[in-house]
Each structure stands twice: as structure tokens, then as C-alpha cells.
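> One structure is given below, represented as C-alpha cells, and several questions about it will come after.
The values are calculated or read from the model by the stated rules, or taken from the named source; none is laboratory data. If you're wondering where the values come from, they're calculated on a predicted model, not measured in any experiment. FYI the Cβ positions are ideal-geometry reconstructions off the backbone, even for glycines, and counts take in every protein chain you see.
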Amino acid sequence: MKRSKPNILPDLDFTEDLPALMAWAREEEIDIENKYLKDLTLNEFDFSHLSFRGSVFENCEFTDCRFEKADCRDLRFQSCNLSNSEFTDGYFNRCEFISCKMVGVDFHQAQLENICFSDSNFQYANFSKAKLKALEISQCDFSYSTVSECKLAQIQLDDVNFEAASFFKTPLKGLDFTSSQIDGLIVSIEALNGAIVSTYQAAALAKLLGLIVKNS
């Protein structure tokens, strides 16, 4: 799998007053692009329907915020806290989330393509009915998350915790779980067809078929 990485200029415009910038972008109906935003705190803020391009967010706290139908391309979120924020129906392409806290985020019906999730916490996140294509997910916690009724393509996993995560009605053909933790995984039987698992994981998943696995 080859993921397209964010196209971000080396010299970005440092911005301190994000609310003013957003208000101006809404009024003029233009994109927010080529910005460097650091150490900002906005709680319960409305980012919905805005377009962000070629920008970096570092050490920002945007908890309980609304990003519905936001259009995000070529972005990097570094060491940010976006917990309990809503990204429903959003579009994300060539974006990276590195060392971020994303507990309880809602990506319901969002479209994510060419995405990197690395060293981040997605506990209780909701990706139901999302379209996920060309994602690299490494060293992340997706325990108790919901990835139900999703369309998956070109997903690469490395050391991901999916304990008690729900993949109900999400086809898992070609998805390699062998480096990940899947204890208590919630998944429909037909969706398991073609998933790649270790011998130990296969024995655990066999319980879903009503099988009793005994050591010989």
C-alpha cells in the first residue's frame, strides 16, 4: 500500500488568532491554508463546513468541538487533543494525526483517504458508516471503538489495540490483524471472511462460530 503524504510548505504563516481567521474565512468563503497553529485552546468551538489546506496544528486542544462537513486536506495534527469532537460527514485527505488524544471522537459517515494515525488514543471513537481508504495505523489504541458498516480499502495495521472494538457488518477481507490485539472483538461471522489473523487469534475468534478449541 502506498499512502499519499500531506503536501505542506516548509514556511507556513504562524497564526495566533484562529477564531478571527475562521470568521474571515466564513465571510469571504475561502479556504484556510498554509497556516502554522500552535498551543491554541478552543473548547466547544464550531469548525463545521470550513476548508483547511496545507497546515500544521501542534499542541492544540480542540475538545468537544464541531467539525461536521469540514474539508481537510494536507494537514498534520501533532500532539493535539481533539477528544469528544464531531467530524461527522467530514472529508479528510492526506492528513496525519501523530501523538494525539482522540478519545470519543465521532467520524460517522466521514470519508478518510491517505491518512496516518500514529501513537494516538482513539478509545471509544466512532467510525460507523465511514469510508476508509489508504490508512496507516500504528501504535494506536482503538479499544471500545466502533468501526461498523464501514467500507475499508488498503488499511495497514501495526501494533493497534482493538480490544472490544466493534466491526459489525464491516467486511474485513485482506485486513491483517496479526500484529494487533483483538480480544473481545465484536464482528459478524460473514465479515471475517478473508481477514488475516494469527493462530492464537483464530482460536479466540472460533468462539464466534460456537467452536470449542482444545489443545491436543
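> Please list, ordered by first then second residue, the pairs with beta carbon atoms under 7 Å, 6 or more apart or interchain, first in the range 136-151 and in a loop (DSSP other than H, G, I, E, B), second among the basic types (Lys, Arg) and surrounded by fewer than 22 Cβ atoms within 10 Å (Cβ to Cβ).
Short answer, once both residue conditions are applied: SER148/LYS169; GLU149/LYS129; GLU149/LYS169; CYS150/LYS129.
> Still on this model: Select from the range 1-16 the residues that are more than 14 Å from ARG73 (Cα to Cα), modelled with pLDDT of 95 or more and surrounded by 11 or more Cβ atoms within 10 Å (Cβ to Cβ) and list them in ascending order.
LEU12, ASP13
> Please find, within the range 37-94, the residue that is surrounded by the most Cβ atoms within 10 Å (Cβ to Cβ) out of those that are under 15 Å from PHE107 (Cα atoms) and acidic (Asp, Glu).
Filtering first and then ranking leaves GLU86.
> Are any residues in the range 152-180 assigned to a loop (DSSP other than H, G, I, E, B), over 21 Å from ASN193 (Cβ atoms) and of a type outside the set (Gly, Ala, Ser), and if so, which ones?
ASP159, GLU163
> Can you tell me which condition THR178 does not meet? The list is (1) under 23 Å from ASP119 (Cα atoms); (2) loosely packed, with under 15 Cβ neighbours inside 10 Å; (3) at pLDDT below 95, and all the others hold.
(3)
> Residue by residue through the range 130-148, note down the ones that are surrounded by fewer than 19 Cβ atoms within 10 Å (Cβ to Cβ) and farther than 18 Å from LYS2 by Cα.
GLN139
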